[in-house]
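Q: Let me begin by handing over the structure; questions about it come next.
The values are calculated or read from the model by the stated rules, or taken from the named source; none is laboratory data. What you see is a predicted model; the values in this text were computed from it and never measured. Because the Cβ atoms are built from the backbone with ideal geometry, glycine has one as well, and the counts that use them run over all protein chains shown. These accessible areas exclude ligands, DNA and RNA; they are computed on the full protein's heavy atoms, side chains included. Shrake-Rupley method; radii C 1.70, N 1.55, O 1.52, S 1.80 Å.
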Amino acid sequence: MDLYNDYLRYESRRQFLGRGVNAVGWAALATLLGKESLANAQGEGQGHVPTHFPAKAKQVIYLHMVGGPPQMDLYDYKPQMNAWYDRDLPDSIRMGQRLTTMTSGQARFPVAPSKFRFARHGRCGMTVSELLPYTSRMVDDMCFMRSMNTEAINHEPAICYMQTGNQITGRPCLGSWVSYGLGSLNQNLPTFVVLVARPSNTEQVQAISARLWHSGYLSGEHAGVAFRSSGDPILFINNPPGVSESVRRRTLDGLRELNEMNYQNTADPETHTRIQQYELAFRMQASVPDLTDLSREPASTFALYGEDARNPGTFANTVLQARRMVERGVRFIQIYHNNWDTHANVAGRLPSQCRDVDQACWGLVQDLKRRGMLDETLIIWGGEFGRTIYSQGGLTRQNYGRDHHPRCFTMWMAGGGSRGGAIYGETDEFSYNIVRDPVHIRDFNATMLHLFGFDHDRLTFKAQGLEQKLTGTVPAHVVKAVVA
């Protein structure tokens with residue numbers, strides 16, 4: 001981070017005009033290079049930090065499956081487990097590893113093999129569950145990491161760790177770091193948008209809130225803006241009854257003058273953010289209704305994403321909205337899909353969860369490909385941890401439950417410079433421990449930043465006396481095998 005340049009970005013008008021040499025110099029440079037070249041000279045997207053090397057990805061759609069999908073029922077096929085049905089998980093596999101309070105009191109840990117069929121697909125030969133027929137068609141476009149791991153074993157710290165790089169709340173999230181590093185690609189929509197999809201099944205949803213899309217110690221302009229699935233897409237985006245656009249404009253002009261007076265005296269970055277956000281909100285009054293209006297989408301769009309995409313709040317609808325957002329220059333779109341916390345009734349809940357996301361994810365990839373946008377749009381899919389091979393509660397051949405398991409889980413990426421058809425990492429026959437190529441979530445975050453052109457050790461922000469970074473103080477490594 002360059003503190004001097006960051007200060008210049010926020011300096012007041014009085015301070016700027018006092019720096020006449022700077023003003024003349026930048027004006028001359030703008031004339032010589034042109035507006036677009038000047039933006040590139042300052043860092044792609046006019047972010048706070050110039051990229052450290054050429055970026056492969058410019059935008060991201062992050063699909064977070066809240067609760068932790070069971071990897072052995074979806075992507076980590078373990079046929080040997082059929083012979084272990086209802087036998088206790090060996091101590092040599094568990095090795096005294098930490099358990100949640102939901103299963104630590106169980107007298108037994110009976111192995112529950114997946115009840116679902118698997119088959120190999122694509123040139124890469126990835127084995128995928130029957131629950132994901134659409135996903136199976138595009139495995140050669142996807143990059144699978146089957147050796148993800150984390151220390152967090154409960155939802156609150158685990159999802160916080162996944163989204164912010166730390167188990168303790170209050171840190172900037174992934175979207176905020178990308179916004180800080182790369183800046184905006186548009187003038188009329190937020191840089192970072194959050195959508196919370198409504199699952200078809202709601203047996204056991206987890207609480208999520210704005211702590212997951214907070215900007216932490218970064219400026220407030222980098223926080224995520226949550227769009228709603230019903231009513232106004234954004235709270236208070238429309239004028240109150242009886243308030244015309246001209247009245248709203250005069251009101252904002254008055255507020256801006258007051259805020260600028262305060263800013264000239266204090267040069268407080270949060271005051272600068274307040275000024276920017278008021279203006280963005282005014283511009284969004286025109287841009288957001290067009291963004292969320294799907295009436296002009298052709299029938300072929302809904303053939304891709306599924307008819308569920310017509311229903312506001314569904315996962316398919318939010319994913320289609322995400323495609324429309326990347327078209328309009330939104331840098332980072334975070335989508336949460338809840339109810340993956342399958343402590344019981346895997347047979348009843350998992351098919352519903354997969355129907356929610358399967359065709360929609362496939363449709364998103366195909367849609368971006370045909371529009372020529374997949375190469376620069378990174379799609380990420382995954383949860384905060386995995387599930388146990390042993391059953392929580394009652395076990396039958398046809399149904400079982402699975403507890404939290406941080407030791408190994410599966411995530412995938414597509415587009416945005418990821419290596420299509422790559423299958424990275426391997427777990428043991430119980431899908432319990434990693435036996436080859438572990439990927440800690442720090443490594444995953446370092447790899448994501450690498451795709452955006454950043455060295456994770458150099459994308460920093462000084463706060464609380466430290467050069468803070470997304471990957472923290474423990475060494476992290478870019479997983480080069482999954483980079484195209």
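Q: Looking at (1) free of Cβ contacts under 8 Å to residues at least 40 places away in the same chain; (2) over 24 Å from THR471 (Cα atoms); (3) part of a strand (DSSP E or B), which is the only condition VAL435 fails?
A: (2)
Q: Consider VAL193 carefully, then state whether it is open to solvent by less than 10 Å² (accessible area, probe 1.4 Å), among the β-branched types (Val, Ile, Thr) and over 30 Å from ALA344 (Cα atoms).
A: yes
Q: What's the total number of residues in segment 390-425 that are in a strand (DSSP E or B) and more than 19 Å from LEU89 (Cα to Cα)?
A: Residues in segment 390-425 being in a strand (DSSP E or B) and more than 19 Å from LEU89 (Cα to Cα): 8 in total.
Q: Here's a follow-up. Search segment 124-138 for residues being of a type in the set (A, V, I, L, M, F, W, C) and open to solvent by 10 Å² or more (accessible area, probe 1.4 Å), and hand back the single one that is nearest to the chain's Cα centre (by Cα).
A: Among those residues, the one meeting the criterion is LEU131.
Q: Being open to solvent by less than 10 Å² (accessible area, probe 1.4 Å) and outside any loop (DSSP other than H, G, I, E, B), is that true of even one residue in segment 452-460?
A: Checked segment 452-460: no residue is open to solvent by less than 10 Å² (accessible area, probe 1.4 Å) and outside any loop (DSSP other than H, G, I, E, B).
Q: While we're looking at this one, here's another question. For a quick check of your reading of the model, give me the residue pairs whose first member lies in segment 305-316 and is under 14 Å from THR292 (Cα atoms), whose second is in a helix (DSSP H, G or I) and among the acidic types (Asp, Glu), with beta-carbon atoms closer than 8 Å and at least 6 apart or on different chains.
A: Close Cβ pairs satisfying both conditions: THR314/ASP308; THR314/ASP356; ALA316/ASP308; ALA316/ASP356.
Q: Using beta carbons and a limit of 6 Å, which pairs, at least six apart or on different chains, have the first residue in segment 352-363 and within 16 Å of VAL205 (Cα to Cα) and the second one open to solvent by 10 Å² or more (accessible area, probe 1.4 Å)?
A: Cβ pairs passing all conditions: SER352/SER200; SER352/ASN201; CYS354/LEU131; ASP356/PRO199; ASP356/SER200.
Q: Which residue pairs have Cβ atoms under 7 Å apart, sit 6 or more places apart or on different chains, and have a first residue in segment 133-162 that is closer than 24 Å to HIS405 by Cα and a second that is of a type in the set (Ser, Thr, Tyr) and assigned to a loop (DSSP other than H, G, I, E, B)?
A: If the second residue must be of a type in the set (Ser, Thr, Tyr) and assigned to a loop (DSSP other than H, G, I, E, B), the pairs left are PHE144/TYR75; ARG146/TYR75; ILE153/THR100; ASN154/THR100; ALA158/THR150; CYS160/THR169; TYR161/THR150.
Q: Among the residues of segment 416-428, count how many are closer than 25 Å to ALA55 by Cα and open to solvent by 10 Å² or more (accessible area, probe 1.4 Å).
A: Of the residues in that region, 8 qualify.
Q: Collect the residues in segment 383-401 that are surrounded by 24 or more Cβ atoms within 10 Å (Cβ to Cβ) and either without any contact (Cβ under 8 Å) to a residue 24 or more places away in the chain or within 22 Å of HIS440 (Cβ to Cβ) (or both), keeping them in residue-number order.
A: Result: GLY383, GLU384, PHE385, GLY386, ARG387, THR388, ILE389.
Q: Can you name the condition, by its number, that TYR336 falls short on among (1) open to solvent by 20 Å² or more (accessible area, probe 1.4 Å); (2) touching a His at 6+ places or on another chain (Cβ under 6 Å); (3) not polar (S, T, N, Q)?
A: Among (1) open to solvent by 20 Å² or more (accessible area, probe 1.4 Å); (2) touching a His at 6+ places or on another chain (Cβ under 6 Å); (3) not polar (S, T, N, Q), TYR336 violates only (1).
Conditions tested, residue by residue: (1) within 26 Å of the chain's Cα centre (by Cα); (2) open to solvent by 20 Å² or more (accessible area, probe 1.4 Å).
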site: LYS58; (1), (2): yes, yes
site: LEU74; (1), (2): yes, no
site: ASN82; (1), (2): no, yes
site: ASP88; (1), (2): no, yes
site: MET95; (1), (2): no, yes
site: PRO110; (1), (2): no, no
site: SER114; (1), (2): no, yes
site: ASP140; (1), (2): yes, yes
site: MET162; (1), (2): yes, no
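Q: Which members of segment 355-388 meet the condition of being of a type in the set (A, V, I, L, M) and assigned to a helix (DSSP H, G or I)?
A: Within segment 355-388, VAL357, ALA360, LEU364, VAL365, LEU368, LEU374 qualify.
Q: Then there is this: Check VAL49, VAL60 and return the single one that is in a loop (DSSP other than H, G, I, E, B) and of a type in the set (A, V, I, L, M).
A: Exactly one of VAL49, VAL60 is in a loop (DSSP other than H, G, I, E, B) and of a type in the set (A, V, I, L, M), namely VAL49.
Q: Hey, another quick one. Could you name every one of the helices (runs of 4 or more DSSP H) located completely within segment 268-354 that has at least 2 residues being modelled with pLDDT of 95 or more?
A: Counting at least 2 such residues, we get 299-305, 315-327.
Q: Any residue at all in segment 463-477 that is touching a residue at least 40 places away in the same chain (Cβ under 8 Å), in contact with a helix residue (DSSP H, G or I) (Cβ under 7 Å, 6 or more places away or on another chain) and assigned to a strand (DSSP E or B)?
A: No - not one qualifying residue is present in segment 463-477.
Q: Can you pull out every residue in segment 429-442 that is at negative phi and open to solvent by less than 20 Å² (accessible area, probe 1.4 Å)?
A: PHE430, TYR432, ASN433, VAL439, HIS440, ILE441
Q: Another question, if that's okay. Does ASP367 qualify as being surrounded by fewer than 22 Cβ atoms within 10 Å (Cβ to Cβ) and touching a Lys or Arg at 6+ places or on another chain (Cβ under 6 Å)?
A: Taking the combined requirement at face value, the residue satisfies it.
Q: Which of the residues belonging to segment 387-419 are under 17 Å from the mean Cα position of the chain (by Cα) and on the phi < 0 side of the Ramachandran plot?
A: Scanning segment 387-419 gives PHE409, THR410, MET411, TRP412, MET413, ALA414, SER418.
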